[in-house]
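Peer 1: Sharing a structure here in structure tokens format.
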Amino acid sequence: MMQWLRSLLGRDTSADIRSEIKVAQAASDAVYKIVNSQFEMADVAPVELRKDAIEFTCGYIAGFSDVMAQACGSKGGQSLSMTICIRTMQHLYGNEVGEAMFSATAKAMHTRSQLFKGGMNAGGEDANSFLRKGWTGKLADYLMKHSAKG
């Protein structure tokens with residue numbers, strides 16, 4: 001099957017896939033470190049969030065992931081963006097809760113929640129700021145201002 005796919009595409013797809021996996025791993029590790037450092041700055045554990053803070057945080061991670069994926073050469077909203085997002089959530093919350101957070105993210109995207117949208121905008125802006133200046137902090141600001149502990 002793989003041989004057929006390679007001949008169809010006329011290139012070694014396994015090298016492409018390995019390269020994409022490395023990019024996804026590196027990008028999701030970076031996003032995790034950035035998001036986790038903001039939880040630490042706000043002195044809030046990811047598992048202590050209230051429902052409204054969870055919605056904002058899901059949007060923030062989705063927006064940040066999307067811009068980072070675009071910085072890696074992917075189109076916005078495509079598989080690399082989603083991969084970075086779910087890997088970051090799994091790293092923060094563990095596999096089971098991380099997948100539930102990702103499901104909540106997908107649901108919030110379709111319901112067009114204003115809180116989620118605000119988080120997504122903040123995440124995207126922070127990612128752009130991080131890429132230009134190396135600083136982010138809108139998630140920490142939100143968590144501190146809104147006493148996000150449950």
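Peer 1: Sequence gap at least 6, Cα distance under 8 Å: using those rules, report the relative contact order of region 14-145 to the nearest whole percent.
Peer 2: Details: 173 pairs, mean separation 45.0, N = 132.
Worked out over region 14-145, it gives 34 percent.
Peer 1: If the cut-off is 19 Å between C-alpha atoms, which lysines fall inside it for K145, apart from same-chain ones fewer than 8 positions away?
Peer 2: Those lysines meeting the cut-off are K51, K117.
Peer 1: Between Q114 and S19, what FRET efficiency comes out of the Förster formula 1/(1 + (r/R0)^6) with R0 = 30 Å and r the beta carbon distance, rounded to 0.05? Intermediate values should be presented prior to the final figure.
Peer 2: Details: r = 38 Å, r/R0 = 1.27.
Between S19 and Q114 the formula returns 0.20.
Peer 1: Which order do the peptides 117-130, 24-37 come out in when sorted by mean C-beta neighbours inside 10 angstrom, highest first?
Peer 2: Details: 117-130: 20.4, 24-37: 17.9.
The most tightly packed comes first, giving 117-130, 24-37.
Peer 1: Ok, one more. What residues have an amide H closer than 5 Å to that of L49, excluding those fewer than 5 places away on the same chain, when H is modeled at 1.01 Å from N in the peptide plane?
Peer 2: G150
Peer 1: Considering amide H positions built from the backbone, and no H for Pro or chain starts, which residues 5 or more places from G94, or on another chain, come under 5 Å of its amide H?
Peer 2: Residues meeting the criterion, in which the H sits 1.01 Å from N, do not exist here.
Peer 1: Please give me the summed charge of the neighbours of K133: other residues whose Cβ is under 14 Å from its Cβ, Lys and Arg +1, Asp and Glu -1. Working shown, then result.
Peer 2: Working: positive: R132, K138; negative: E125, D126.
Neighbourhood net charge equals 0.
Peer 1: Mean shadow of region 14-145, computed from the convex hull of its alpha carbons, in nm²? List each step's numbers first, then the result.
Peer 2: Values: hull surface 30.4 nm².
So the Cα hull casts an average projection of 7.6 nm².
Peer 1: Ok, one more. What does the charge add up to near V31, with Lys and Arg as +1, Asp and Glu as -1, over the other residues with Cβ less than 12 Å from its Cβ?
Peer 2: With Lys, Arg at +1 and Asp, Glu at -1, the neighbours total -1.
Where a number appears in this text, it was derived from the coordinates with a stated rule and is not lab data. These numbers were taken from a predicted model, which means no experiment stands behind them. No Cβ is skipped: glycine too gets one built from the backbone with ideal geometry, and neighbour counts run over all protein chains shown.
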